[in-house]
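Please read the structure below before turning to the comments.
Please treat every number below as a calculation from the coordinates, not as lab data. Values in this document were obtained by computation on a predicted structure and should not be read as measured data. Neighbour counts are summed over all protein chains in view; Cβ atoms, including those assigned to glycine, are modelled from backbone coordinates with ideal geometry.
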Amino acid sequence: MITLKSETIHTDRLALLPLQVEHADEMAVVLSDPGLHTFIGGTPDTAQDLRARYERWVAGSPRPGESWCNWVIQLRDTACLTGYVQATVTADDRGTAAEIAWVVGTPGSSAASPPKPPKDSSPGSGNTRCTGSSPTSTRTTRHPPPSPLQPASLPPTSGTTERSDGS
């Protein structure tokens, strides 16, 4: 049985924050562009629909040997959400596999709160809207189990990467 938990990941520009049901309101705006759904299918969800989905995702996979890790993507300079990342991790006798998917909102689809203006700026300046690109992608990587001569803490010596989005 595999049990993983999402943890915060920081880069210079982004933070991947573990998904919380409370993210649904802002994410409903981020994912509201009907044009985005040309790529990911369906129609924009309401905040209520996203809350119900996020409750299921946060609860985790009901399948033994499978873990769900979900994050929202936050732009660090504006503290607004701009998309999400998902990882479904499975382990079996063939090894461990991770299916990674991400969706980033289209430009102008996020209504972030304006940042606090610097002390020397005039009132009303510094309004910001989040933008995004690269609508969606999925990647699967399978690593074989470590050999008896390879300690489990070392990365595997072989593996494959497949893109399941047709590219």
How much length, in nm to one decimal, is gained on full extension between Thr46 and Asp92, taken as 0.36 nm per residue of separation minus their Cα-Cα distance?
12.9 nm
Once you list every other residue whose beta carbon is under 12 Å from the beta carbon of Val58, what net charge do they have if Lys and Arg are +1 and Asp and Glu are -1?
+2
What spacing in nm lies between the two simple spin-label points modelled at Ile100 and Arg13, each 7 Å away from Cα in the Cβ direction?
1.6 nm
Report the local net charge at Leu14: Lys and Arg +1, Asp and Glu -1, summed over other residues whose C-beta lies under 14 Å from its C-beta.
0
In nm, what is the difference between 0.36 nm times the number of residues separating Ser61 and Val21 and their Cα-Cα distance?
12.8 nm
How do 35-47, 19-31 rank on mean C-beta neighbours within 10 Å, highest first?
19-31, 35-47
